1. Using a Debye calculation, one point per C-alpha and no hydration shell, please list log10 I(q)/I(0) for the range 9-50 at q = 0.14, 0.20, 0.22 Å⁻¹ in order.
2. When all alpha-carbon pairs of the range 74-296 are counted, what percent fall beyond 22 Å?
3. Could you tell me the relative contact order of the range 103-234? Use alpha-carbon pairs under 8 Å, at least six residues apart, and round to a whole percent.
4. Name the most mobile residue of 104, 237, 173, meaning the one with the largest mean-square fluctuation, in a Gaussian network model of the chain with Cα contacts below 10 Å.
5. For 29, 36, what ranking results if the residue with the fewest other Cβ atoms within 10 Å of its Cβ goes first?
6. So if we plug the beta-carbon distance of residue 90 and residue 271 into 1/(1 + (r/R0)^6) with R0 = 30 Å, what FRET efficiency do we get, rounded to 0.05?
7. Specify the angular offset, from 0 to 90 degrees and rounded to the nearest 10, of the alpha carbon long axis of helix 80-94 from the longest principal axis of the alpha carbons in the chain.
8. Could you give the length gained on full extension between residue 58 and residue 40, defined as 0.36 nm per residue of separation minus the Cα-Cα distance, in nm?
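Read-outs throughout are calculated quantities, based only on the coordinates presented, and are distinct from any laboratory measurement. None of these values were measured; they are calculated from a predicted model. For neighbour counting, all protein chains shown are included, and Cβ atoms are generated from backbone atoms with ideal geometry for every residue, glycine included.
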């Protein structure tokens, strides 16, 4: 019979010492978090009879995960980032904060400082002309009563036809497929871009390694990310997932939600001044009223090129 020691006073006192409870310095909040991590980790080791080999393989895995900067990808793939959305939805419902466009995960690929445009923008640099399908993306930002929100910032970003993002893909020009659009007097935004591609985790990376052992794929449908913000309104982090995609409802990152599917319509009528096939995607956003100024701001999650 395996002897369990995690619950003993001696071990609990040891963990409190390791978490800094034996001194008056440092952060009380972090001490409490670390203590819980130590207690829960020890319980997992005991309850599941984790071997030393398994433990040290896990440590090696975390080293490789960090070395590849894939921690943000893994928390999305394991559903933890989606859980944070579900948790916030529940908290909102408990205090009566309902309505508006659903939130969904940000993902790890936002880059601050994209060019600002008034009402409309061209997002692509033309490098995939003849390969990509031109896409016209437009809509309105409204409040929950349906009133247009003028001067809202629509901060959007998406992948190219190869499923890669500028900044992280050094072959792309700076801020390719990234823009901030300020809505007009009717709350409208308009963008000319290209139809993005879905993509998957690097087959050789640590995130896909974990997913393989779980018997899961690492694929995402084509999508467009958004931050929507305006004075007096609650900041919205969301994304539009494109209709007709194979992985639309089987997104490894669990980002697809009811109300966030964008219906893509293809034309070849020349009406937009584009030769050949092009796509139209219309999507309106509704923002909740902010209960305080803090609600107008995005989270302080570390991101590439932090805005100062």
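1. For the range 9-50, the Cα-only Debye profile gives -0.33, -0.60, -0.69.
2. Details: 12981 of 24753 pairs.
Every Cα pair in the range 74-296 considered, those over 22 Å come to 52 percent.
3. Working: 251 pairs, mean separation 43.1, N = 132.
Worked out over the range 103-234, it gives 33 percent.
4. Residue with maximal mean-square fluctuation among 104, 237, 173: 173.
5. Sorted ascending by nearby Cβ count, the order is 29, 36.
6. Numbers: r = 45 Å, r/R0 = 1.50.
Once rounded, the FRET efficiency stands at 0.10.
7. 80 degrees
8. Numbers: separation 18, 0.36 × 18 = 6.48 nm, distance 1.55 nm.
Contour length minus Cα-Cα distance gives 4.9 nm.
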